[in-house]
Amino acid sequence: MNKTDVLKKIAETTELSQKNVDDVLAAYANVVKETLASDKDEKVTLPGLGAFSVKHVGERKGIVQLGDKKGTTWTTPEHDEIRFKVSSNAKEI
């Protein structure tokens, strides 16, 4: 399901227009990103589905094993990522 399909489906089940649904979803995404950027210990719930949180990922290093760059080393610096954990009641479809 792409974004347009999601907007249409939500608009069909509510009294909101697709534009209003899009605005609400965009605002929710901004709240999630801003909240987690300002407080990395916070969790933001998506009711009925799960919660967003911040996960710290340490530096990773490796060596390319295949292709033209075989033997070349690579490094991914440490960083924080937004993760989503599905609630147990949403796992069962």
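Summary of computed values
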{"quantity": "Using alpha-carbon coordinates, inclination of helix 18-38 to the longest axis of the chain, degrees", "calculated": "40 degrees"}
{"quantity": "Accessible-area composition of region 36-93, carbon plus sulfur, in percent [1.4 Å probe]", "calculated": "51 percent"}
{"quantity": "Inter-probe distance in nm under a simple model that places probes 7 Å from Cα toward Cβ, at Lys69 and Tyr28", "calculated": "3.7 nm"}
{"quantity": "Listed residues Thr76, Thr35, Thr45, most fluctuating in the chain (Gaussian network, C-alpha, under 10 Å)", "calculated": "Thr76"}
{"quantity": "GNM top mover of Leu25, Leu49, Leu66 - the chain, alpha-carbon springs below 10 Å", "calculated": "Leu66"}
{"quantity": "Selected from Glu15, Glu34, Glu42 as most flexible by GNM, with the chain as the system and alpha-carbon contacts under 10 Å", "calculated": "Glu15"}
{"quantity": "Residue-normalised accessible area of region 27-84, given per residue in Å² at a 1.4 Å probe", "calculated": "78 Å²"}
{"quantity": "Percent of Cα pairs exceeding the 20 Å cut-off, where the set is region 33-93", "calculated": "50 percent"}
{"quantity": "Helix axis angle, 3-13 relative to the chain longest principal axis, alpha carbon, degrees", "calculated": "30 degrees"}
{"quantity": "Gain upon complete extension [Val57, Ala37; 0.36 nm per residue less C-alpha separation]", "calculated": "5.7 nm"}
{"quantity": "Computed [θ] at 222 nm, deg cm²/dmol, the chain (DSSP H ≥ 4; -39,500 (n - 2.57); rounded to nearest 500)", "calculated": "-12000 deg cm²/dmol"}
{"quantity": "For the chain: relative contact order, % (alpha-carbon pairs under 8 angstrom, 6 or more apart)", "calculated": "21 percent"}
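The values are calculated or read from the model by the stated rules, or taken from the named source; none is laboratory data. Keep in mind that this is a model prediction, so the values were computed, not measured. A quick note on method: Cβ atoms are made from the backbone with ideal geometry, for glycine too, and the neighbour counts reach across all protein chains shown. Surface areas here come from the heavy atoms of the whole protein model, side chains and all, with no ligands, DNA or RNA. Shrake-Rupley method; radii C 1.70, N 1.55, O 1.52, S 1.80 Å.
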